[in-house]
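Nothing in this text is a laboratory measurement; each read-out follows from the coordinates by a stated rule. Nothing here was measured: the structure is a model prediction, and the numbers come from that model. We place every Cβ from the backbone using ideal geometry, glycine too, and count neighbours over all the protein chains shown.
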Amino acid sequence: MTNVYEVITDRIMEKLKEGVVPWQQPWNSTAGMPRNLLSQKPYRGVNVWVLASAGYSSPYWLTFRQAQEIGGHVRRGEHGSPVVFWKWLEKSEESQDSEETDSNTRRIPMARLYTVFNVQQCELPDRLQPFLQIDNALGADTHRQITACEQIIVSMPTRPAIQHGEARAYYQPLHDRVNMPERRLFPKAEHYYSVLFHELTHSTGHASRLDRATLRDLLAFGDTNYSKEELCAEMGAAYLCGVAGIANETVDNSAAYLQGWLSKLRNDKKLLVQAAAQAQKAADFILGKSLTRREETLD
């Protein structure tokens, strides 16, 4: 039986070995985040980083069957990318406390793997070509991007206090407060907002928000909870940078950084998928998105 966690983690580890940090490779802001061509629904959770790091400029993906359904096909020899689909199963449990047959329904998430192909790996009908064109000639609109960053921050529900005091960035759960260095101390505005998004992602774990165990039970550097919480914050910040259309300016692809994550992922095959799911929930919270019941946990 295919181990979903291993397949996805191994794919990400391949990128790390190549010197690519997938969660620091946000999608092209002019194209948008990776999404299914037919449904137009964006991919979520760890799927975002698997597809965004695949090296294609188009954000559109589809399955082998979907390509055929619209009159096209995947080119011979092309290799697809794995994505995780979570299906909720309803499991009934009979009560043992009574002679009566009472049953409680428990919802259990089951992970399945699907293979998708980028449209650049396919031959598709000519009628779709105008729809697939990506306008990369817009250029960066710094004012719009900074405005988008500010809008994300001011619109965050139950936002923690943000103070500019010490010359280091951190989130303090006890006082529910984010400390940031003065903006003038950062080399670029993008760097300031990248760091702030990181700390705000941490803050979503507070008991008054998502009550995330990896923040609540945080112990010491190197602890499993530290690794998962830090990865959650990195992915959450990268996601928000992509939404705002700014480059993630906190990129670290040093050998030590890459080897550190490779070691952790080898020892815990669930860390990546679970952290990505928590990062998605954190970003959704900051953006004020309401989740459907199906999207409550792992996506």
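What the table below lists for this structure:
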{"item": "HN-Hα J in Hz across the range 191-197 - Karplus 6.51, -1.76, 1.60, θ = phi - 60°, x for Gly and Pro", "result": "5, 4, 6, 4, 5, 5, 4"}
{"item": "Convex hull of the chain built on C-alpha atoms - directionally averaged projected area, nm²", "result": "19.8 nm²"}
{"item": "Cα centre as origin, Lys/Arg/Asp/Glu Cβ charges: the chain dipole, Debye", "result": "600 debye"}
{"item": "Calculated FRET value between VAL7 and ARG216, using beta carbons and R₀ = 45 Å, to 0.05", "result": "0.90"}
{"item": "Under 5 Å, built H, 5+ apart or other chain: amide partners of TYR43", "result": "ARG35, ASN36"}
{"item": "Candidates ALA244, ALA277, ALA213, ranked by Gaussian network fluctuation over the chain, Cα under 10 Å, top entry", "result": "ALA213"}
{"item": "In sequence order, calculated HN-Hα J values of the range 153-163 (Karplus, 6.51, -1.76, 1.60; Hz; x Gly/Pro)", "result": "5, 5, 8, 4, x, 6, 5, x, 5, 10, 10"}
{"item": "Most positive-pole-ward Cα, VAL48, SER263, CYS232, against dipole of the range 4-295 from beta carbon charges", "result": "VAL48"}
{"item": "Förster-model FRET efficiency, 45 Å R0, THR105 and ALA255, C-beta, rounded to 0.05", "result": "0.35"}
{"item": "3J(HN,Hα) from dihedral phi, the range 65-72, Karplus parametrisation 6.51/-1.76/1.60, rounded to Hz, x for glycine, proline", "result": "5, 4, 4, 5, 4, 9, x, x"}
{"item": "Fully extended contour minus Cα-Cα distance, from ARG177 to ASP126, at 0.36 nm per residue", "result": "13.0 nm"}
{"item": "Residue of TRP61, TRP88, TRP261 that the Gaussian network model of the chain assigns the largest fluctuation, springs spanning Cα pairs under 10 Å", "result": "TRP88"}
{"item": "Segment LYS270-ALA161, extension gain: residue separation times 0.36 nm, minus the distance between their alpha carbons", "result": "36.0 nm"}
{"item": "Residue-averaged [θ]222 nm for the chain, counting only DSSP H segments that reach four residues, each worth -39500 (n - 2.57)", "result": "-11500 deg cm²/dmol"}
{"item": "Out-of-range pairs (alpha-carbon distance over 22 Å; input LYS15/LYS289; LYS41/LYS264; LYS87/LYS269; LYS15/LYS264; LYS188/LYS228; LYS41/LYS228)", "result": "LYS15/LYS289; LYS41/LYS264; LYS188/LYS228; LYS41/LYS228"}
{"item": "GNM flexibility winner over the chain from MET33, MET110, MET180 (Cα, springs under 10 Å)", "result": "MET110"}
{"item": "Other-chain or far-sequence residues with amide H under 5 Å of VAL116's (modelled H)", "result": "SER81, VAL83"}
{"item": "Residue-span extension gain [GLN151 to ALA207] - 0.36 nm each, minus C-alpha spacing", "result": "17.8 nm"}
{"item": "For TYR170, net neighbour charge (Lys/Arg +1, Asp/Glu -1) across residues whose Cβ lies under 11 Å away", "result": "0"}
{"item": "Efficiency of FRET from Cβ geometry, ARG76 and LEU287, R₀ 51 Å, rounded to 0.05", "result": "0.80"}
